[in-house]
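Here the structure comes first, spelled out in structure tokens, and everything after it is commentary.
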2 protein chains.
Amino acid sequence: MARWQPGAAQRLVVAAVDLFTEQGYDATTVAQIAERAGVTKSTFFRHFSDKRELLVAGQETLSRLLAEGVAEAPADASPLEAVAAGLERASGAMGPANRELGPRLKAAVAASTELQERDALKSVGLAAAMTTALVARGVPEPTAHLAAEMGVLAFKQGYARWSEGGDRDDEEPLAPYALAALEDLRAATASLG
Amino acid sequence: MARWQPGAAQRLVVAAVDLFTEQGYDATTVAQIAERAGVTKSTFFRHFSDKRELLVAGQETLSRLLAEGVAEAPADASPLEAVAAGLERASGAMGPANRELGPRLKAAVAASTELQERDALKSVGLAAAMTTALVARGVPEPTAHLAAEMGVLAFKQGYARWSEGGDRDDEEPLAPYALAALEDLRAATASLG
């Protein structure tokens, strides 16, 4: 099987995350990111408006996909079934590039309070996107909040487990990992007391 | 009933949060915060090492109290009963100063991406503290994660509702608000599907 070949945008993200880990977010410049990725600065600016945008771009796509999946689930889907549809939609957009990025991103976040703050805000944004989509389906607020938080936890746990196995099979999809994590959380509701 | 009289540390927090709202976190200096609070810069530095610490100090106390409440719940308490004990412990430390701060903090966070990121990281830290305390009680991981997320949601919702009523009764405690929000979330587990 042919190895996956990343495009310029994906190489830029990988280069940026590695540089953030090595020398910190603040100390990393657009010129360094472009050089590490083997592209020119103008190629960087064709893909991203700045260093910050490079981190935010993926989050906006993810929020949109999660919300679309929730919105387009069948009318009779339960709140968690709608969340599962959101996870499937978002997972479908995550390929080998995202999988290889997982351990690198984890290292970068562990090394930087600033990236931890951004990562935390990202989780809040994903939960808010799903909560809004669930409320629009008529799900009452506490249930919508809870189901959305479970969806974010499941997506993060599923992504972590999937990306830990990134050297095994390039074609393995994320969705089963995310859905299994959601099912674990659903089962856990029975033992909350 | 006598109005509550804030100490220097509390006045500094209120002054800082108001200045962050008016002119942003980055543009606000320690000298400005001290002046607004009516104290000297050296008084500021007796209470906080810097501007950032002023925001983080409360969070560390809150994480510790939540975890202690969970840890010291009766051995036969269910995961959510242990979380409720954590909420009660943490709520007990929140007085009129925290209540009056609520709407100001909300305005400051709404006005600043940097404060949104810090606020999001704070939620992650509170959830992690409760998850660790629940796992130490022998609660399996998915249940511990879920119960801790429910605890954070309940604390945030309870605090928001409590602080919206801050002009009514200085002595009203936070705990009933947080516990009612937790009960709403517990009831919502039945309708997740």
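Ranked from shortest, the separations from the 7 Å Cα-to-Cβ label point of residue B:26 to its equivalents in the other copies are 1.2 nm.
Scanning chain B for DSSP H helices at least 18 Å long along the axis (C-alpha atoms) with a Kyte-Doolittle mean no lower than -0.5 picks out B:8-23, B:51-71, B:79-92, B:96-111, B:113-136, B:141-164, B:175-188.
Take the alpha carbon gyration tensor of the protein assembly as shown, find the square roots of its eigenvalues, order them as a ≥ b ≥ c, and report rounded if a/c is under 1.5; if not, report prolate when a/b exceeds b/c, else oblate. Verdict is oblate for the protein assembly as shown. Counting only protein heavy atoms and a 1.4 Å probe, the protein assembly as shown has 46 square angstrom of accessible area per residue. Each peptide in A:130-143, B:123-136 was scored by the mean count of other Cβ atoms within 10 Å over its residues; highest first, the order is B:123-136, A:130-143. Of interest is the spacing of the C-alpha centroids, which for segment B:95-132 and segment A:126-193 amounts to 24 Å. Given a 1.4 Å probe and no ligands, DNA or RNA in the count, how much accessible surface is buried by B and A, both sides, to the nearest 100 Å²? What B and A bury together is about 2500 Å². Per-residue ellipticity at 222 nm from helix content only, as computed over chain B with -39500 (n - 2.57) for each DSSP H run of at least four residues, stands at -24500 deg cm²/dmol.
Rolling a 1.4 Å probe over the protein heavy atoms of chain B, with every protein chain left in place, gives an accessible area that is 54 percent carbon and sulfur. Simple point charges give the picture: +1 on the Cβ of Lys and Arg, -1 on the Cβ of Asp and Glu, and for segment B:1-157 a dipole about the Cα centre of about 520 debye.
Each peptide in A:55-67, A:23-35 was scored by the mean count of other Cβ atoms within 10 Å over its residues; highest first, the order is A:55-67, A:23-35. Per-residue mean of foreign Cβ neighbours for A:119-126 is 5 (Cβ atoms of other chains, 10 Å radius). Label sites at residue A:160 and residue A:32, each approximated as a point 7 angstrom past Cα along Cα to Cβ, lie 2.8 nm apart. Sorted shortest first, the distances from the residue B:50 label point to those of the same residue in the other copies are 2.1 nm; each point sits 7 Å from Cα along Cα-to-Cβ.
Across identical copies of the chain, residue A:128 has label-point separations of 2.2 nm, listed in ascending order, with the point defined 7 angstrom from Cα along Cα→Cβ.
The values are calculated or read from the model by the stated rules, or taken from the named source; none is laboratory data. What you see is a predicted model; the values in this text were computed from it and never measured. Using ideal geometry, Cβ is built from the backbone for each residue, glycine included, and neighbour counts are taken over all protein chains shown. Side chains included, ligands, DNA and RNA excluded: accessible areas come from the protein's heavy atoms. Shrake-Rupley method; radii C 1.70, N 1.55, O 1.52, S 1.80 Å.
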